[in-house]
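Contents: one structure, followed by commentary.
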Amino acid sequence: MNKQEILNCLFSNWYHLFRRHTIKSVVIPLPEDFVKYLQDDGTVVLPRGVVLPGATREEWDNEEEEGDSGEERSEEEWEENEDEEEGNTPEFTELMEEIGKSIENLSGKVFPKLGWSSPKDAAWIANNSLLCNTAGEVVLLLKSSDFIIYDLTSVFKLCTDVEGGVNIPHQLVLRKWANLVPGMEFRCFIRNKSLLGISQRDYKQHYEYIIKDKDKLAEEIHNFISDEIIDKFPSDSFVVDIYKKRDGHFWVIDFNPYGEMTEPLLFTWGGLSSGSLSTCDFYVDIKTADDVIIGQFRYTPYDVTMQPSEHLRYRMPQDFVDLSTGSDATKLIDFMRMKIQSDDVEESSDDEQWTLPVNR
């Protein structure tokens, strides 16, 4: 994979090519100080002047006029604390105003993302939705997302032609909100300008209508990719997510690099990279107009079992994730030491052990 393949998938580099086949969107360049704010690790502090729905500015700015001990603060202490908080609060007035105006121009409801990734791992913090009505909601999602940090710091990490630093054109993308049906989104894998694979995007769920219309869907998707996508997109190999609308037409949702940084869903990157797909029980062939088989359309079969969300782990503190997976040996050793010390204290204690009473 090379740097140009990644840049071809940057939203602003493909949006103008497929404007009539995608959702109306606005691209806002991000200033460097806001990028640093997103990268700063710590407590989420919203920029000055930004509030979330349900809270007035006065309620957001003011706090109880009591110290930690419950004692009332003096006027001087209150002013000092207020000045200190204002000094630590970031301010991006022009950017917040531009985001607010863009949301209004997109009918008041938007889906935010950066040039490559969306903050879908942070949806839990906003009632499991990426729908935003205000600049505050947009910032909260961006600031809470690990996927956004990947965009800002590691998007070129698998490239073989990157030496030294790379000047990444950071941008915020606001897309007009649309209520998409998950079962109508498909991921298409194009290898050397040929459609090799199509996968049901929401692959952890079974949709009966996909199985019912699988042959027709495979043909329609192949025709759309061949007629509207392959010759217009600058890369020979890439991944594109598309959505079939109620009227039968397709929307382009996003482009991704053809490589391991992109989820293969119902395929494997071993087969996709070699171009030789193994057979399975839940696919139909993708055929050309001459009836030549060029790939597979895979779907989730009837016997699928309920599976947890792939983003569930992002709702837990990182320390819990590291301990449960054993990915951080230092934390695991510290935890075991604490457990041993706790056991030693319990064994040496002369205190009476309290137990729940037994009902008789």
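The values are calculated or read from the model by the stated rules, or taken from the named source; none is laboratory data. These numbers were taken from a predicted model, which means no experiment stands behind them. Cβ atoms come from the backbone with ideal geometry, glycine included; neighbour counts cover every protein chain shown.
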Inset, instruction - Go through (1) among the aliphatic types (A, V, I, L, M); (2) farther than 21 Å from residue 210 by Cα; (3) more than 27 Å from the chain's Cα centre (by Cα) one by one and return the number of the condition residue 272 breaks. - result: (3)
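Does any residue of region 152-162 turn out to be in contact with a His (Cβ under 8 Å, 6 or more places away or on another chain) and modelled with pLDDT under 95?
Yes, the conditions are met somewhere in region 152-162.
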Inset, instruction - Could you grab me the full set of residues in region 172-208 that are crowded, with 18+ Cβ neighbours inside 10 Å and farther than 19 Å from residue 300 by Cα? - result: 172, 173, 174, 175, 177, 190, 191, 195
Legend entry - Filter result for the condition that a residue is modelled with pLDDT of 95 or more, over 30 Å from residue 289 (Cα atoms), out of contact with any helix residue (DSSP H, G or I) (no Cβ under 7 Å at 6 or more places or on another chain) and not in a loop (DSSP other than H, G, I, E, B), over 139, 173: 139
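Just to verify a result, which residue in region 276-294, among those that are touching a Phe, Trp or Tyr at 6+ places or on another chain (Cβ under 8 Å) and touching a residue at least 40 places away in the same chain (Cβ under 8 Å), is surrounded by the fewest Cβ atoms within 10 Å (Cβ to Cβ)? Working first, answer last.
Looking only at region 276-294, we keep the residues that are touching a Phe, Trp or Tyr at 6+ places or on another chain (Cβ under 8 Å), and these are 277, 282-286.
Of the ones still in play, those that are also touching a residue at least 40 places away in the same chain (Cβ under 8 Å) are 277, 284-286.
Values: 277: 18, 284: 17, 285: 13, 286: 22.
Only one residue fits best here, namely 285.
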Inset, instruction - List the number of the failed condition for residue 211; all other conditions in (1) surrounded by 19 or more Cβ atoms within 10 Å (Cβ to Cβ); (2) farther than 30 Å from residue 39 by Cβ; (3) aliphatic (A, V, I, L, M); (4) at pLDDT below 95 hold. - result: (1)
Legend entry - Residue selected from region 213-248 under the condition of a type in the set (Lys, Arg) and either farther than 24 Å from residue 2 by Cα or outside any loop (DSSP other than H, G, I, E, B) (or both), by the criterion farthest from the chain's Cα centre (by Cα): 216
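Name the single residue that is nearest to residue 262 (Cα to Cα) among those in region 142-170 being among the charged types (D, E, K, R) and in a loop (DSSP other than H, G, I, E, B). Break it down stepwise before answering.
Filtering region 142-170 for residues among the charged types (D, E, K, R) gives 143, 146, 151, 157, 161, 163.
If we keep only those that are in a loop (DSSP other than H, G, I, E, B) as well, we get 157, 161, 163.
Details: 157: 13, 161: 19, 163: 22 Å.
Ranking the candidates gives 157 first.
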Legend entry - All positions within region 79-107 that are surrounded by 14 or more Cβ atoms within 10 Å (Cβ to Cβ) and either modelled with pLDDT under 55 or not in a loop (DSSP other than H, G, I, E, B) (or both): 81, 95, 96, 98, 99, 100, 102, 103
Inset, instruction - Within region 64-73, identify whether any single residue is surrounded by 12 or more Cβ atoms within 10 Å (Cβ to Cβ) and at pLDDT 85 or above, and answer yes or no. - result: no
Legend entry - Every residue from region 1-56 that is out of contact with any strand residue (DSSP E or B) (no Cβ under 7 Å at 6 or more places or on another chain), in a loop (DSSP other than H, G, I, E, B) and outside the structural domain of residue 145 (by TED's automatic domain parsing): 2, 10
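Every residue, every condition in (1) within 15 Å of the chain's Cα centre (by Cα); (2) touching a residue at least 60 places away in the same chain (Cβ under 8 Å); (3) under 30 Å from residue 280 (Cβ atoms), yes or no:
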{"residue": "96", "(1), (2), (3)": "no, no, no"}
{"residue": "119", "(1), (2), (3)": "yes, no, no"}
{"residue": "136", "(1), (2), (3)": "no, yes, no"}
{"residue": "148", "(1), (2), (3)": "yes, yes, no"}
{"residue": "152", "(1), (2), (3)": "yes, yes, no"}
{"residue": "163", "(1), (2), (3)": "no, no, no"}
{"residue": "173", "(1), (2), (3)": "yes, yes, no"}
{"residue": "188", "(1), (2), (3)": "no, no, yes"}
{"residue": "198", "(1), (2), (3)": "no, yes, yes"}
Legend entry - Conditions (1) closer than 22 Å to residue 182 by Cβ; (2) touching a Lys or Arg at 6+ places or on another chain (Cβ under 6 Å); number of the one not met by residue 298: (2)
